[in-house]
Structure formats: structure tokens, C-alpha cells
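Some notes on the structure that comes next.
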Amino acid sequence: MRGQVLLAGLLPFAVSALVAWQADQLPLRGQATLPDAQPRACASPLKFKVAFPDGASPPQVTSTGAQSHTFMGNSWLTADTCQAGTLRVVGDGQVAGGAAPQLQVALNSEVIWTGAFAQEREVSIPVPAAGHLTLGYFNDFYSSDYRSAALEGVKLTAASCDTFEVEVPSDAGGSWNAQTRSVGWLFAPPITLKPCAAGTLHFRASGRPGGGKAATLEFSQEGRMLQQVQLSETAQALSLEISSGPLDIRIVNPYFKEHGDRNLTLREIAFSPAQ
């Protein structure tokens, strides 16, 4: 599920940005989204590179030969051809948000073909001249509903020290930010705080409601429940007396439901030069 993959890397302040998110349309022409229109070094067979808006990820070369690629977000493939020919594409997509994924093909920033992939289809696209080819996917969509929990400004007050470690399991769907001393997560596996000594833990707790309810946090230490806290979107300042043992913090009632995930898979991409 794309939701879990994406959420696992989100910082606490960014968790709420995913729900009901829908990417804006990105044009195939313009300096902000495309490199210059002049062809660079040509290769045979063509080697397409993967690009993302605003440098979100470094370019990568797809496999050579019978190339393939899955678009899971707004991005595009680029390659340079030294002659006219035919571009053959076999693809399929996931319909979500009331629309199918759409592929746009451009030559030197001019769109030469546009089509949707609601199911598997094969298309042959005439490429009239040499130049810079772009295969773009710009109508990505993702929507989900979920409960989240966040602890901000975590601070330990103890007689001899004030340090602690925080462990966030990969399947908890969250991350710890040591700089802001904040942690956010979504799923059932507990996060663990390991204090340097017994003392008082101070933090602000909040959470986004999902499925009509907010998350409930449970704090337990050495097999004993210390406290349960009902979260809300408004952060509440809390203090908790803890011993020197590991402190487990878990969401008692996790909730996650994916509403839609629009993706486009190009299973075969091949360019045949004109004879």
C-alpha cells in the first residue's frame, strides 16, 4: 500500500498533509518542468531517464531494452532521439478520484499525444522528428483517512541527566525528529522512549482524528500502564513521572483507510527509428 510507504517517512508536522491530497496538474511546457528542448547525446536503443518536479528526486536511468516504469507520483521520463520514428507503449493504470491516469508525450516541449489508461492498452505514437522526448504523468491522485498521534517538544527532567533515546519501528508509520524533539506515527506498533534515569517527562500531545474519532495513547513501563490520553487536534501539555526503564507509547485504536490511489504503469516502452 502506497499510504504506508509514504507515511513511514513523514515528520509529525507533515502527517496531516497527506489526507485528501490531490496533485496539481503540471504542464509539459515551460522552464519550470522541462529541460531545454534541444536534443543531447542520442543513444540506441533509447535510454529513458526518470525526472521529478522541483528536483524532488535525482534522475535515474530506467532499464534498457524492453523498458518499463511505474509512475506513483507526478513525474516524467526523458530521452533524446536523433531521428523520427514510432514510440510503442503498453500500459495500464489504477482509476481513482473519478479519473484514469493520463500519459502525455511531448517532442521538444510540444505535446504530440495524450491518452488515458483505465485498463491495459497498447498505443503506437508517431514521432515526426529528432528531438527531446518526454513521457509525462501529471494527474496523480492519492486520498486516505487515518488517525495520527504526535508528541512535540519532548523533554526529560531528572536529577542526574536529561537525555533519552526514541525508537520508532518501521511499521509504526512515523519518525523521530531529534532536532525538534518531536515524534509522529499512525499504526499500532508502540514507539519506545529510553530515559537515562527516572524523572519527569514533559511533552505536548496532539493527533488528527480519523474515522470520526481521535487516537487514544497509552503509556506503559515495565508491564504497567501509567496513563491513557485522549488526543485532539489541539496540542495539550502533559507531564508524566517515569522510572529509568523503557517507556512504551502506543495508539490503542489505530485507524487507516485508503480511499484512492491513482498510478500509471508502462509495461513496455520501445522506440523504433523510421526506415
**Asked** Do you know which of the residues in the stretch 172-225 that are touching a strand residue (DSSP E or B) at 6+ places or on another chain (Cβ under 9 Å), assigned to a strand (DSSP E or B) and free of Cβ contacts under 8 Å to residues at least 40 places away in the same chain is surrounded by the fewest Cβ atoms within 10 Å (Cβ to Cβ)?
**Response** MET225
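Checking the conditions here, which among GLY115, GLY153, GLY85 is under 27 Å from the mean Cα position of the chain (by Cα) and more than 30 Å from ALA178 (Cα to Cα)? I'd like the intermediate steps shown before the answer.
Details: GLY153 fails: more than 30 Å from ALA178 (Cα to Cα); GLY85 fails: under 27 Å from the mean Cα position of the chain (by Cα).
Just one listed residue meets the conditions, GLY115.
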**Prompt:** Does the stretch 110-126 contain any residue that is in contact with an Asp or Glu (Cβ under 9 Å, 6 or more places away or on another chain) and of a type in the set (Lys, Arg)?
**Reply:** yes
**Filtered residue count, the stretch 240-257, keeping only those that are open to solvent by 70 Å² or more (accessible area, probe 1.4 Å) and part of a strand (DSSP E or B)** = 3
**Fill in**
Being touching a Gly at 6+ places or on another chain (Cβ under 6 Å) and not basic (Lys, Arg) narrows LEU247, LEU238, LEU226, LEU231 down to just LEU231
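Taking the options ARG121, ARG147, name whichever one is farther than 17 Å from PRO273 by Cα and under 19 Å from the mean Cα position of the chain (by Cα).
Values: ARG121 fails: under 19 Å from the mean Cα position of the chain (by Cα).
Just a single option satisfies the conditions, and that option is ARG147.
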**Fill in**
Those residues of the stretch 79-117 that are of a type in the set (Phe, Trp, Tyr), more than 24 Å from ALA129 (Cα to Cα) and in a strand (DSSP E or B) come to a total of 0
**Request:** Given the conditions (1) modelled with pLDDT of 95 or more; (2) of a type in the set (Ser, Thr, Tyr); (3) under 30 Å from LYS49 (Cα atoms), report the number of the one that THR192 does not fulfil.
**Result:** (3)
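Tell me yes or no: at least one residue of the stretch 221-236 is under 30 Å from ILE125 (Cα atoms) and among the small types (Gly, Ala, Ser).
Within the stretch 221-236, the first condition is being under 30 Å from ILE125 (Cα atoms), and the residues that meet it are none.
Within the stretch 221-236, not a single residue is under 30 Å from ILE125 (Cα atoms) and among the small types (Gly, Ala, Ser).
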**Message:** Residues that are open to solvent by 40 Å² or more (accessible area, probe 1.4 Å) and touching a residue at least 60 places away in the same chain (Cβ under 8 Å): does the stretch 153-169 have at least one?
**Reply:** no
**Asked** Residue check: is LEU107 open to solvent by less than 10 Å² (accessible area, probe 1.4 Å) and over 30 Å from ALA172 (Cβ atoms)?
**Response** no
**Prompt:** Which members of the stretch 130-144 meet the condition of being surrounded by fewer than 19 Cβ atoms within 10 Å (Cβ to Cβ) and either aromatic (Phe, Trp, Tyr) or modelled with pLDDT of 95 or more (or both)?
**Reply:** none
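The values are calculated or read from the model by the stated rules, or taken from the named source; none is laboratory data. Everything numeric in this text was worked out from a predicted model, so none of it was measured. Neighbour counts run over all protein chains shown; Cβ positions are idealised from the backbone, glycine included. When the accessible area is computed, the model is the full protein with side chains, heavy atoms only, and any ligands, DNA or RNA have been set aside. Shrake-Rupley method; radii C 1.70, N 1.55, O 1.52, S 1.80 Å.
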